[in-house]
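Reviewing the structure listed below.
The values are calculated or read from the model by the stated rules, or taken from the named source; none is laboratory data. Keep in mind the model is a prediction, meaning the values are calculated, not measured. Cβ placement follows ideal geometry from the backbone for every residue including glycine, while neighbour counts extend to all protein chains displayed.
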Protein chains: 4
Amino acid sequence: MFTFERKANYYETDQMGIVHHSNYIRWFEEARLEMLRAMGLPYKKMEDNGILIPVLGVSCSYKHPIRFDETLVLTLRIQNYNGVRFEMAYEGHSKETGLLSCTGTSQHCFTTPALKPIRMQKHFPRMARNISSGRRTGQSRVIQNTKTPAGLTDVIGKPGGHFFINL
Amino acid sequence: MFTFERKANYYETDQMGIVHHSNYIRWFEEARLEMLRAMGLPYKKMEDNGILIPVLGVSCSYKHPIRFDETLVLTLRIQNYNGVRFEMAYEGHSKETGLLSCTGTSQHCFTTPALKPIRMQKHFPRMARNISSGRRTGQSRVIQNTKTPAGLTDVIGKPGGHFFINL
Amino acid sequence: MFTFERKANYYETDQMGIVHHSNYIRWFEEARLEMLRAMGLPYKKMEDNGILIPVLGVSCSYKHPIRFDETLVLTLRIQNYNGVRFEMAYEGHSKETGLLSCTGTSQHCFTTPALKPIRMQKHFPRMARNISSGRRTGQSRVIQNTKTPAGLTDVIGKPGGHFFINL
Amino acid sequence: MFTFERKANYYETDQMGIVHHSNYIRWFEEARLEMLRAMGLPYKKMEDNGILIPVLGVSCSYKHPIRFDETLVLTLRIQNYNGVRFEMAYEGHSKETGLLSCTGTSQHCFTTPALKPIRMQKHFPRMARNISSGRRTGQSRVIQNTKTPAGLTDVIGKPGGHFFINL
């Protein structure tokens with residue numbers, strides 16, 4: 001499980017006086033990319049190495065609105081991964097009120113810059129193996145920043161350690 | 001069923017070279033509000049009269065990316081309505097290629113400006129009745145612009161005709 | 001002079017109940033790209049042919065706010081062009097009230113995809129010549145859609161006619 | 001002088017592979033509101049007390065693009081204040097490369113929620129006096145967070161200390 005905090009900006013509100021619902025989808029992306037970074041898989045490096053992670057789907061349930069200057073605390077995790085696709089789950093609370101603000105999911109795959117799917121198992125075996133082994137442990141651990149994770153080895157071609165994803 | 005066309009703007013693309021996925025949620029809103037207008041229920045007038053229609057949830061499946069300058073043709077309809085909540089369904093195709101681009105849903109309710117739910121049946125009976133009768137017909141008709149629809153009567157207090165929602 | 005109309009979307013408002021000021025900068029872009037299209041220089045084709053037109057600067061003065069569902073009528077023109085850089089001027093009025101809403105400018109150059117400046121005179125002489133000749137006429141004409149403008153010849157390598165820019 | 005750091009989000013890029021120019025205008029706002037907070041004038045409290053600070057104008061010069069995951073370091077200051085209007089100046093550098101990325105300005109006034117101008121001197125004398133005295137010192141100091149600044153007294157009716165704005 002990964003935690004991400006984000007204060008609502010003024011330009012993210014609408015005339016209903018609350019954050020416009022489309023912005024939660026953007027916050028999910030911010031949180032997801034920070035989680036990837038914490039897993040030792042900074043998305044910028046992945047893109048530089050020709051791996052894109054487009055969004056196949058999103059969903060969001062709005063429970064209690066977030067207002068300007070309020071902070072959303074998002075917790076997120078990878079809840080499904082089959083070597084080709086994975087799904088993220090999100091849950092957001094207001095830092096100020098503690099109220100549940102939103103729950104959501106997003107689905108993703110790995111592709112080339114031309115948006116052709118990449119079978120991670122085949123082309124990035126170490127990254128795929130580690131994601132899988134993380135899944136198999138069935139344990140919920142906080143993702144650690146590791147300097148040279150094995151997963152990144154596939155991406156930037158340097159030896160590394162291990163990382164685990166909460167499942 | 002209602003149809004809405006929208007050309008992708010440059011500022012809606014991201015560095016993947018495609019429209020950023022969050023923008024489809026905004027396009028759904030644009031289409032939805034145009035459909036309400038075509039139903040004789042312009043959202044601006046509803047808000048002016050104290051009726052808000054916040055979003056309770058959204059989902060979107062991305063099938064084929066839309067690129068800058070490409071036009072998305074969205075078809076949308078109300079697929080559930082119980083007097084308090086309703087659900088919209090969306091389907092988008094590229095005007096240029098004909099490819100299915102996205103499918104999605106959004107869930108809504110009616111509230112006061114303080115975001116308290118409004119029971120339409122009780123407070124706006126004519127609007128509610130017409131929406132229901134539209135549903136009961138079970139027929140799929142194109143929504144007609146009627147100058148003074150009965151639904152709007154509830155909102156702006158003038159006598160009106162009939163409008164039907166495709167279901 | 002070129003005219004562009006744009007209705008304000010709900011998601012473009014902020015909690016002040018007006019269109020957020022940053023969106024005018026986006027609307028300027030929409031209008032500018034429509035003007036380029038009307039000049040026979042669709043930006044998508046320019047980019048496909050390796051010509052980018054990044055923004056060097058923008059300014060906007062806000063005179064009277066635009067609100068949700070209101071339509072901004074933008075008039076725009078190229079007011080300076082020296083073969084390398086050009087400047088656009090914008091003026092926006094509310095379609096509903098006629099009130100002056102905004103005035104603005106944007107400055108641009110032509111570059112390669114790596115953002116290296118392109119000297120249009122040298123590499124795209126016909127496009128540059130036509131822009132210049134348009135300027136020299138000193139006349140204000142509405143830009144016409146011409147099927148195969150000379151300017152486009154430089155871009156897509158086919159013979160073409162003439163186009164003029166209002167100055 | 002106030003400093004504000006902001007990492008570029010993926011959804012803020014466009015297909016040119018750089019942050020879309022409109023987003024700098026939004027970042028200026030983020031930085032400005034953080035500066036107001038540091039001055040003891042949190043904008044949320046000002047709005048809650050009926051003082052709005054709409055934007056009268058903006059300008060931005062783009063010197064060197066910011067890319068996804070890069071951090072913009074913005075320094076900003078109030079460079080003009082006449083009791084009714086004030087102007088902010090911005091300068092942004094890339095944290096990673098040190099390159100000058102942008103310079104800009106924004107102009108503002110104080111208004112009621114109905115967007116009627118407020119003469120600060122008359123209606124919020126202490127806040128106005130302190131802003132002026134800050135100006136008169138002619139010194140460049142980093143704005144300190146003070147728990148109960150005099151300025152805020154005007155707004156929320158509690159006694160306070162002093163704050164100074166760099167000019």
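Can you find a residue in the range A:84-99 that is more than 20 Å from residue A:64 (Cα to Cα) and surrounded by fewer than 16 Cβ atoms within 10 Å (Cβ to Cβ)? Quick ask: steps written out before the conclusion?
Initial filter on the range A:84-99 (more than 20 Å from residue A:64 (Cα to Cα)): A:84-88.
Next, from what is left, pick out any that are surrounded by fewer than 16 Cβ atoms within 10 Å (Cβ to Cβ): A:84-85.
Yes - at least one qualifying residue is present in the range A:84-99.
Going by the structure shown, is residue B:11 touching a Cys at 6+ places or on another chain (Cβ under 6 Å) and either in a helix (DSSP H, G or I) or of a type in the set (Ser, Thr, Tyr) (or both)?
Numbers: touching a Cys at 6+ places or on another chain (Cβ under 6 Å): no; either in a helix (DSSP H, G or I) or of a type in the set (Ser, Thr, Tyr) (or both): yes.
Spelling it out, it is not the case that residue B:11 is touching a Cys at 6+ places or on another chain (Cβ under 6 Å) and either in a helix (DSSP H, G or I) or of a type in the set (Ser, Thr, Tyr) (or both).
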Could you count how many residues in the range D:9-22 are buried (at least 21 other Cβ atoms within 10 Å of the Cβ) and more than 9 Å from chain B (Cβ to nearest Cβ)?
-> 1
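Residues are listed down the side, and each one gets a yes or a no for (1) over 23 Å from residue D:62 (Cβ atoms); (2) outside any helix (DSSP H, G or I); (3) away from chain A (no Cβ under 14 Å):
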| residue | (1), (2), (3) |
| --- | --- |
| C:4 | no, yes, yes |
| C:26 | no, no, no |
| C:35 | no, no, yes |
| C:41 | no, yes, yes |
Looking at (1) within 14 Å of chain C (Cβ to nearest Cβ); (2) surrounded by 19 or more Cβ atoms within 10 Å (Cβ to Cβ); (3) in contact with a Leu (Cβ under 7 Å, 6 or more places away or on another chain), which is the only condition residue D:113 fails?
-> (2)
Of the conditions (1) without any contact (Cβ under 8 Å) to a residue 24 or more places away in the chain; (2) over 19 Å from residue A:22 (Cβ atoms), residue B:33 fails just one. Which one is it?
-> (2)
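Answer yes or no as to whether residue A:104 is modelled with pLDDT of 55 or more, surrounded by fewer than 21 Cβ atoms within 10 Å (Cβ to Cβ) and within 23 Å of residue A:59 (Cα to Cα).
Numbers: modelled with pLDDT of 55 or more: yes; surrounded by fewer than 21 Cβ atoms within 10 Å (Cβ to Cβ): no; within 23 Å of residue A:59 (Cα to Cα): yes.
No.
Being more than 12 Å from the chain's Cα centre (by Cα) and outside any strand (DSSP E or B): is that true of residue B:92 here?
Details: more than 12 Å from the chain's Cα centre (by Cα): yes; outside any strand (DSSP E or B): no.
For residue B:92, the condition - more than 12 Å from the chain's Cα centre (by Cα) and outside any strand (DSSP E or B) - is not met.
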Determine, yes or no, whether residue D:33 is buried (at least 16 other Cβ atoms within 10 Å of the Cβ) and farther than 26 Å from residue B:13 by Cβ.
-> yes
Residues of the range D:53-73 being under 15 Å from the mean Cα position of the chain (by Cα), part of a strand (DSSP E or B) and more than 7 Å from every other protein chain (Cβ to nearest Cβ), in sequence order, are D:73
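Limited to the range A:95-118, what total is found for residues that are of a type in the set (Ser, Thr, Tyr) and either in contact with a Cys (Cβ under 6 Å, 6 or more places away or on another chain) or not in a strand (DSSP E or B) (or both)?
2
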Check off (1) in contact with a strand residue (DSSP E or B) (Cβ under 6 Å, 6 or more places away or on another chain); (2) facing another protein chain (nearest Cβ under 9 Å); (3) not in a loop (DSSP other than H, G, I, E, B) for residue D:78 and give me the number that stays unchecked.
-> (2)
Conditions (1) over 14 Å from the mean Cα position of the chain (by Cα); (2) crowded, with 18+ Cβ neighbours inside 10 Å; (3) in a helix (DSSP H, G or I): number failed by residue B:45 | (2)
Hits in the range C:56-83 - residues which are crowded, with 21+ Cβ neighbours inside 10 Å and of a type in the set (Phe, Trp, Tyr) = C:62
Answer yes if at least one residue in the range C:43-52 is within 14 Å of chain D (Cβ to nearest Cβ) and in contact with a strand residue (DSSP E or B) (Cβ under 7 Å, 6 or more places away or on another chain), and no otherwise.
-> yes
